[in-house]
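The structure appears below as structure tokens.
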Amino acid sequence: MTANGEVLELSHCEACGARFLPTDGACPRCGSTHIQAYSSPALGTVLAATELTSPAEGWHAPHRLALVEMPEAVRLFAIVDGPLPTAGDLVAVRREGEVYRARTEPQP
Amino acid sequence: MSVHVASVGMGRYGKRPEGLIDLASEAATAALEGVGRRPIDLLVAGSMLAHGTHGHEALLPRLAARLGLEAGSGLRVDSASGTGGMAFYAAVLAIESGRFERALVVAAEKMTDRTTAANTKDLAASLHPSEVAAGATMPGLAAIVTQRYLERFGRAASICDLATVHARSMAVRNPYAHFQKAVTPEEVARSRLVSNPLRLLHCSAISDGATALVLERGTGPATVLGLGQGFESIRLVDRDDLTTFAGTRIAAKRAYENAKVGPADIEVAEVHDAFSPFVYIHMEDLGLCEVGKGPDALEKGEIRPDGRIPVNPSGGVIGRGHPVAASGLAEVAEVALQLRGEAGAHAVARAPKVGLAHAMSGIASHNFVSILGRGS
């Protein structure tokens, strides 16, 4: 949990129990459409992070992208605000429209 | 019913002045001449970027007209950078069905007349839209995969440099390869950073090129022994492990079972190293070396032409260049050339009897494994 108690809405499959990043379709593990939203603490751990010199259309270099693991092993890609984190760093994640953004948190 | 590769046709890969249909017909003509222009009853062709951008929607009739083919039937396939692997698969199935006797398979791409931004955007079409929306590109996601691999197995980023050095040293022997000059580890490590840890020379090049095969009923030195395909989640965040590609492992298991051979029987392999460190992941997923030991196999010389299991004697995607749709067919073509004793300067040291070709779409979301050998 971040200092101010922010949460992130993630998905839970009622059929197989998988927890995952919201999709516009079915459960990525079993294909069920019985999906429930749940609130997760918005603090995650960086698994890998890179700085793209030629990001996808609509973004400018340098574009920092991190693969972040949230509680219950749910993963997401987040655009990093601030310096490039390294694997193991804690980040606070928030959703902004279609994308997620991460900023480095003070390490415990 | 057996199917074999009766001939291989290639043009030089690289920056070419010709258009898509010219490149495709150059390779196709060579393949047709290889079988003495015996009649073709099926044309299978694929291109990833021809849609719209080159006005080549009618790829099959245009190609058939250029080649003067009387083929009454055609199939067009599209599986991003795995298109060539899929084209081969489709043609083999069509002949095995008994409906066709001889197929011309062509995969071609024209890329160097397009801007890098246009290529980057269109290549990202093989990724999940939500990940592209966050700015991800093929090299960006390949960089994340590479970081996970380096961390899990405690490897230094220099293993990526050595993979490029291997690919480029093989390409020098292949007259059809885009890159005809070897590189040193230092040159690779000094090349421009694209998405850390990946540098320019770790990433496959934008190339023009085409490959064609004629497949026939019957047996020969390059008979199809087994085929396999495998999917894996296109959204990378849904994968538990990014240091292995589950879709390749599934495709390999099916192909090995189908061919009734195992990894130890493979004497030459072509794998889809769109990014040079992927050569390690593919070798491991195909069972050609132990998990996490790909870099050791390279360092010990095991994948050189005179090694235990020669890998990418053509130069691979990194050395041969990457006209995306064509690469998957070039991988099968190289294995066929090696088995048929037609590989010339890039022939492996001990004439192989069984070989494997692997092709990958996107970040391994759809994978193809083809095993060829002498048919009984």
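The values are calculated or read from the model by the stated rules, or taken from the named source; none is laboratory data. These numbers were taken from a predicted model, which means no experiment stands behind them. Note: ideal-geometry Cβ built from the backbone for every residue, glycine included; neighbour counts use all protein chains shown. Accessible surface is based on the protein model in full, side chains and every heavy atom, while ligands, DNA and RNA are left aside. Shrake-Rupley method; radii C 1.70, N 1.55, O 1.52, S 1.80 Å.
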Open item on the list: On the basis of being part of a strand (DSSP E or B), in contact (Cβ under 8 Å) with a residue 60 or more places away in the chain and away from every other protein chain (no Cβ under 13 Å), does A:ALA92 make the cut?
Closed with: yes
Open item on the list: Going by what's in this entry, would B:ALA252 be described as within 16 Å of B:GLY355 (Cα to Cα), open to solvent by less than 10 Å² (accessible area, probe 1.4 Å), touching an Asp or Glu at 6+ places or on another chain (Cβ under 8 Å) and among the small types (Gly, Ala, Ser)?
Closed with: yes
Open item on the list: One residue is enough: does the stretch B:163-174 have a residue meeting the conditions surrounded by 24 or more Cβ atoms within 10 Å (Cβ to Cβ), assigned to a helix (DSSP H, G or I) and within 14 Å of chain A (Cβ to nearest Cβ)?
Closed with: no
Open item on the list: Checking the conditions here, which among B:VAL77, B:VAL44 is crowded, with 17+ Cβ neighbours inside 10 Å and modelled with pLDDT of 95 or more?
Closed with: B:VAL44
TODO: Among what's in the stretch B:233-248 and is part of a helix (DSSP H, G or I) and in contact with a Leu (Cβ under 8 Å, 6 or more places away or on another chain), pick the residue that is most open to solvent (accessible area, probe 1.4 Å).
DONE: B:ASP238
- [ ] Give me a count of the residues in the stretch B:126-137 that are assigned to a helix (DSSP H, G or I), within 19 Å of the chain's Cα centre (by Cα) and within 11 Å of chain A (Cβ to nearest Cβ).
- [x] 0
TODO: Return a yes/no flag: does the stretch B:225-232 have any residue that is aromatic (Phe, Trp, Tyr) and not in a helix (DSSP H, G or I).
DONE: yes
Open item on the list: Tell me yes or no: at least one residue of the stretch A:22-43 is in contact (Cβ under 8 Å) with a residue 24 or more places away in the chain, within 10 Å of the chain's Cα centre (by Cα) and more than 26 Å from B:ALA124 (Cα to Cα).
Closed with: yes
Open item on the list: Can you find a residue that is within 14 Å of another protein chain (Cβ to nearest Cβ), open to solvent by 40 Å² or more (accessible area, probe 1.4 Å) and part of a helix (DSSP H, G or I) anywhere in the stretch B:85-97?
Closed with: no
TODO: Give the residues of the stretch B:213-226 that are under 24 Å from B:GLU109 (Cα atoms) and touching a Ser or Thr at 6+ places or on another chain (Cβ under 8 Å), sorted by residue number.
DONE: B:LEU213, B:VAL214
Open item on the list: Filter the stretch A:60-86 down to the residues that are within 20 Å of A:LEU21 (Cα to Cα), outside any strand (DSSP E or B) and either within 12 Å of chain B (Cβ to nearest Cβ) or out of contact with any Lys or Arg (no Cβ under 6 Å at 6 or more places or on another chain) (or both) and list them by number.
Closed with: A:MET70, A:PRO71, A:ALA73, A:VAL74
TODO: Could you please find all residues in the stretch A:30-59 being open to solvent by 40 Å² or more (accessible area, probe 1.4 Å), at the interface with another protein chain (Cβ under 9 Å from one of its Cβ atoms) and either under 20 Å from A:GLY88 (Cα atoms) or not small (Gly, Ala, Ser) (or both)?
DONE: A:GLU51, A:THR53, A:GLU57, A:TRP59
TODO: Kindly check whether there is at least one residue in the stretch B:181-193 that is open to solvent by less than 20 Å² (accessible area, probe 1.4 Å), touching a residue at least 24 places away in the same chain (Cβ under 8 Å), in contact with a strand residue (DSSP E or B) (Cβ under 7 Å, 6 or more places away or on another chain) and over 22 Å from B:ASP238 (Cα atoms).
DONE: yes
Open item on the list: When the residues of the stretch A:1-29 are narrowed to those that are assigned to a strand (DSSP E or B) and more than 27 Å from B:GLN147 (Cβ to Cβ), which ends up least open to solvent (accessible area, probe 1.4 Å)?
Closed with: A:CYS13
TODO: Find the residue count for the stretch B:145-162, including only residues that are more than 22 Å from the chain's Cα centre (by Cα) and assigned to a helix (DSSP H, G or I).
DONE: 7
TODO: State whether one or more residues within the stretch B:349-358 are of a type in the set (A, V, I, L, M, F, W, C) and in a helix (DSSP H, G or I).
DONE: no
